[in-house]
Amino acid sequence: DSVAQGRRLKCSLCTKVLKKIQALAGDDPDESAVQAALQKGCRALGRSVGKKCQKLVSKYQEQISEGLQNGDLPQDICAAIGICRS
């Protein structure tokens with residue numbers, strides 16, 4: 001159904017966004033590295049994905065930041081915030 005498809009799209013978008021942000025933040029990032037990566041990551045994804053990325057990041061900034069600092073996998077972070085199924 002379309003809801004599940006919408007969720008899948010969001011899930012793949014979420015993991016894509018977080019992989020990008022994780023790559024920009026580097027290994028073992030601190031909070032400021034994560035914040036900088038959150039800013040840069042969305043811009044790097046282009047305009048249409050960037051807008052969705054901004055929404056995602058502003059809504060879940062705390063959880064994303066924490067997850068990245070803990071070294072969690074993008075898929076796990078997206079599942080933790082309820083976008084992907086775990």
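The values are calculated or read from the model by the stated rules, or taken from the named source; none is laboratory data. Here the structure is a predicted model, which is why all the values come from computation and not from measurement. All Cβ positions, even for glycine, are placed from backbone atoms using ideal geometry, and neighbour counts span all protein chains on display. Ligands, DNA and RNA are stripped out before the accessible areas are found, and what is left, the full protein with its side chains, is counted by its heavy atoms. Shrake-Rupley method; radii C 1.70, N 1.55, O 1.52, S 1.80 Å.
Observations on the model:
- Within region 66-86, tally of residues that are part of a loop (DSSP other than H, G, I, E, B) and open to solvent by 80 Å² or more (accessible area, probe 1.4 Å): 4
- Of all the residues in region 51-65, those that are more than 9 Å from the chain's Cα centre (by Cα) and exposed (fewer than 15 other Cβ atoms within 10 Å of the Cβ) number 5.
- Subset of region 9-38 (residues that are part of a helix (DSSP H, G or I) and either hydroxyl-bearing (Ser, Thr, Tyr) or loosely packed, with under 14 Cβ neighbours inside 10 Å (or both)): Leu9, Ser12, Thr15, Ala23, Glu31, Ser32
- Index of the failed condition, Leu45 passing every other in (1) modelled with pLDDT of 90 or more; (2) buried (at least 16 other Cβ atoms within 10 Å of the Cβ): (1)
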